[in-house]
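Taking it in order: structure first as C-alpha cells, then the write-up.
The values are calculated or read from the model by the stated rules, or taken from the named source; none is laboratory data. The shown structure was predicted, so the numbers you read here are calculated from the model rather than taken from an experiment. In this analysis, Cβ positions are derived from the backbone assuming ideal geometry, glycine residues included, and neighbour counts consider all displayed protein chains. Just so you know, the surface numbers come from the protein's heavy atoms only, side chains and all, with ligands and any DNA or RNA stripped out. Shrake-Rupley method; radii C 1.70, N 1.55, O 1.52, S 1.80 Å.
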Amino acid sequence: MSWLQALVLGLVQGLTEFLPISSSAHLRITSSLFFGNDAGASFTAVIQLGTEVAVLIYFAKDIGRFVAAWFRGLFSAEARKERDYRLAWYVIIGSVPISVLGFLFKDEIRTSARNLWITASMLVVFGLLLGLADHLARQERDELRMKDAVGMGLAQALALIPGVSRSGGTLTAGLFLGLTREAAARYSFLLAIPAVFGAGLFSIPDVLERSGGGVQASVPQMVVATLISFVVGYATIAWLLRYVSKHSYSAFVWYRLMLGLVLMGLLSMGLLQPN
C-alpha cells in the first residue's frame, strides 16, 4: 500500500463511518477505482478503531454513566430500575448478532462478500429502505426499549456486507420502530462500540502477519490512517447529530442510489473489476 492510499482511506473512513452511506463500501470503491486494488476487510476493520475512539471520547460522560449503572445493577435491585442500566444492557444485547455472525462468516466477509456487484446492489436496496423508513417514520419516542435493541442489533449485523452501512441499517431499523432520528443516531453510535472494537482488535493479527486479504499496509501506515479516521470521525459525529435534529435523511438516500447506479455502470462497462 502506498502512503497516499493509506492517507486517503483514513480520510474516507472518518468521513463515512457515521453517515448512512456505508464506510466499507466507500473504502472498497475508493481502493479499486483510484488505486487498482482492495485494501481488504482486515485493514478496514483496524482503521475503524480510530472512529470508535472518537465515539468513546465524544460520548465519554454518557458511557461512564452507563458502565457505572451496569455495575451497580449487578448488586442492587433498585439500581436495575435505572434508565442507564437498561441502556447498557441494550448495547450489550444489540451487539450479539453482529458478533456471532461476524465470527461464523469471517471468511466469506473477507472474500465473496466484497464483490462490487454486491456492494452496488446493497447501496441501492438499503438506500431505498432508508428512504422508506424516513418517509414513514412516526418519530414517537426518544426512550429505547428491548425490541429496539434487538431490531437495531439485527440490522447492524447486515452491515457485515459492504454497501449495507452499519449506521444506515441501524438508523433504518430505529425509524421503522418509531424512534426519533436523533435517538436512533445516538444509540447507533453507542451500539457500534463493542462490535467495531471487537472486529478491529480481532483483525490486527491478520494485518500484522499479512494473512488477511487485500493489499498489505505497513504498521506506520495503519497507525496514521487510524489517527486520521479518529480526527475526521470526531468532527463528523458532531455534525451529524446537529444535522439529523433538523433534516431528513433524503440527501443520503439520493446519494446512495446515485453511487450504486454509477458503480453498476462502471462494472457493466468493464471499467471496474468486481473482485
TODO: Restrict the check to the range 7-28 and report whether at least one residue is out of contact with any Ser or Thr (no Cβ under 9 Å at 6 or more places or on another chain) and of a type outside the set (A, V, I, L, M).
DONE: no
TODO: Could you tell me whether ALA155 is of a type in the set (A, V, I, L, M, F, W, C), in contact (Cβ under 8 Å) with a residue 40 or more places away in the chain, assigned to a helix (DSSP H, G or I) and crowded, with 19+ Cβ neighbours inside 10 Å?
DONE: no
Open item on the list: I want to confirm something. Restricting to the range 71-112 and keeping residues that are under 29 Å from MET258 (Cα atoms) and touching a residue at least 60 places away in the same chain (Cβ under 8 Å), which single residue is most open to solvent (accessible area, probe 1.4 Å)?
Closed with: THR111
Open item on the list: List the residue pairs whose Cβ atoms are under 6 Å apart, where the first residue sits in the range 232-252 and is surrounded by 13 or more Cβ atoms within 10 Å (Cβ to Cβ) and at pLDDT 85 or above, the second is in a helix (DSSP H, G or I) and not aliphatic (A, V, I, L, M), and the two are 6 or more positions apart or on different chains.
Closed with: VAL232/GLY14; GLY233/GLY14; GLY233/THR51; ILE237/TYR58; SER248/ASP134; TYR249/ASP134
Task: Residues (in a helix (DSSP H, G or I), surrounded by 20 or more Cβ atoms within 10 Å (Cβ to Cβ) and out of contact with any Leu (no Cβ under 6 Å at 6 or more places or on another chain)) located in the range 135-152 - done: ALA149, MET152
Task: Candidate set: the range 253-275, residues that are in contact (Cβ under 8 Å) with a residue 24 or more places away in the chain and assigned to a loop (DSSP other than H, G, I, E, B); chosen: the one surrounded by the fewest Cβ atoms within 10 Å (Cβ to Cβ) - done: ASN275
Open item on the list: Among the residues of the range 205-223, are any open to solvent by less than 40 Å² (accessible area, probe 1.4 Å) and at pLDDT 85 or above?
Closed with: yes
